[in-house]
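These notes concern the structure reproduced below.
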Amino acid sequence: MGAWPLRYQEPLFRPPSEADALILQVTVGCSWNRCTFCGMYRNKSYRVRPFAELEGEIAAVARLGWAPQRVFLADGDALAAPAEFLAEVLEAIRVHLPGVQRVGVYGDSRAILRLGAAGLARLKDLGLGIVYFGVESGDDATLRAVRKGATAARQLEACRAVAEAGVKLSVMVLLGLAGVEGSRRHAEATGRFLAAASPTYAAALTYTPVPGTELGAQVRKGTFVLPDRWGMLQELAWMLQAMPDYRGPFFANHASSYLPLKLRLPRDREGALELLAEVLARRDERLLVPEWARGL
Ligand code: SF4
């Protein structure tokens, strides 16, 4: 086996469902990098890597005989790179790695709306198969407070552009993001948002304070009070209650979850709400994933 052909500037993140994908770091960092809860790319200055370098890496992977079926384009919002550059990268993947069936990427509302449905459809023709979009909340006050840089309406427009382009859309939201104070408002608005956005997949992750971030510091100082484990599950219940018409897979089984649930809605909605009601009534710690076993 030859030398590892890909150059990475760590840390590197990818969605859990892209565990088997070849990760190609087409951009470094996040072009926004201002969300108060996010520490993923704090130590990186955003830049788009030279195409020639990436093409060399893709060709080297092919020479080694690797035949990935999936490729994930990192970092934070690689979709924010220029459209022509993304098209060239997708074309290079198609030429050198013809076995690739799906290319995935993180994208936020700015990047999605800059491309628009037409721009995304062009990338789809070149192999883009799925966009992972961290919506975080459907509540404007929460989005403002965490400096997401977009309103719920803009984020909804972005979801619709991805759907119109025929690209799969995976939306992530964050339980706990409005603290105890805004908990119910955030949960219900987010449930309504998901029902309106109708993504291919939706996932509710549980916010966990990250050292070195603004929101992490507020939690430490006590100026932001995070719901406890029961409060997080209550939020999940409020969210599910607010999305009776949602159709599709809904995951609350991320490593950060206190009670992993993998649902197909609306089929599993009533059962999940009953389970959550029971767990919330019993408040028995043994029913939850212990703190030490939670991944972040
Ligand atoms: S949450 Fe997403 S958009 Fe916000 S700073 Fe982190 S990577 Fe960038």
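The values are calculated or read from the model by the stated rules, or taken from the named source; none is laboratory data. It should be emphasised that the depicted structure is a prediction, and the values quoted were computed from it without experimental measurement. Don't worry about glycine lacking a Cβ; one is built from the backbone with ideal geometry, like all the others, and counts go over all protein chains shown.
What's the number of the condition E274 fails, among (1) in contact (Cβ under 8 Å) with a residue 24 or more places away in the chain; (2) assigned to a helix (DSSP H, G or I)?
With (1) in contact (Cβ under 8 Å) with a residue 24 or more places away in the chain; (2) assigned to a helix (DSSP H, G or I) applied to E274, the lone miss is (1).
Looking only at segment 95-149, count every residue that is more than 16 Å from the ligand (Cβ to nearest atom), of a type in the set (V, I, T) and outside any helix (DSSP H, G or I) and tell me the total.
Count: 3.
Show the residue pairs that are 6+ apart or on different chains and have beta-carbon atoms under 8 Å apart, the first residue being within segment 132-154 and under 17 Å from G216 (Cα atoms) and in contact (Cβ under 8 Å) with a residue 60 or more places away in the chain, the second being away from the ligand (no atom under 15 Å from the Cβ) and not in a strand (DSSP E or B).
A145/A178; A145/G182
Given the condition among the hydrophobic types (A, V, I, L, M, F, W, C), touching an Asp or Glu at 6+ places or on another chain (Cβ under 8 Å) and within 14 Å of the ligand (Cβ to nearest atom), answer yes or no: does some residue in segment 61-73 qualify?
From segment 61-73, those among the hydrophobic types (A, V, I, L, M, F, W, C) are 61-62, 64, 66-67, 71-73; that's our starting set.
Still in the list and also touching an Asp or Glu at 6+ places or on another chain (Cβ under 8 Å): 72.
Still in the running and within 14 Å of the ligand (Cβ to nearest atom): none.
No, there is no match, as no residue in segment 61-73 is among the hydrophobic types (A, V, I, L, M, F, W, C), touching an Asp or Glu at 6+ places or on another chain (Cβ under 8 Å) and within 14 Å of the ligand (Cβ to nearest atom).
Quickly run through segment 168-209 and pick out the residues that are among the aliphatic types (A, V, I, L, M), part of a loop (DSSP other than H, G, I, E, B) and surrounded by fewer than 18 Cβ atoms within 10 Å (Cβ to Cβ).
Listed by number, the list holds a single entry, V180.
Taking the criterion of being more than 28 Å from N43 (Cβ to Cβ) and under 17 Å from the mean Cα position of the chain (by Cα), would at least one residue in segment 262-277 satisfy it?
Yes - at least one qualifying residue is present in segment 262-277.
Select from segment 35-46 the residues that are touching a residue at least 40 places away in the same chain (Cβ under 8 Å) and more than 6 Å from the ligand (Cβ to nearest atom) and write down the one among them that is surrounded by the most Cβ atoms within 10 Å (Cβ to Cβ).
The qualifying residue surrounded by the most Cβ atoms within 10 Å (Cβ to Cβ) is F37.
May I ask you to list the residues in segment 241-260 that are of a type outside the set (F, W, Y) and at pLDDT below 95?
If the condition is that a residue be of a type outside the set (F, W, Y) and at pLDDT below 95, then D245, A252, N253, H254, A255, S256, S257, L259, P260 are the ones that fit.
Determine if segment 37-48 includes at least one residue that is assigned to a loop (DSSP other than H, G, I, E, B), at pLDDT below 95, closer than 16 Å to V210 by Cβ and of a type in the set (S, T, Y).
Looking for residues that are assigned to a loop (DSSP other than H, G, I, E, B), at pLDDT below 95, closer than 16 Å to V210 by Cβ and of a type in the set (S, T, Y), one finds at least one in segment 37-48, hence yes.
Here are some residues: A92, A81. Which one is out of contact with any helix residue (DSSP H, G or I) (no Cβ under 6 Å at 6 or more places or on another chain) and of a type in the set (A, V, I, L, M)?
None of the others qualify; the one that does is A81.
Among (1) in contact with a Lys or Arg (Cβ under 7 Å, 6 or more places away or on another chain); (2) more than 30 Å from T223 (Cα to Cα), where does C159 come up short?
For C159, the exception is condition (1).
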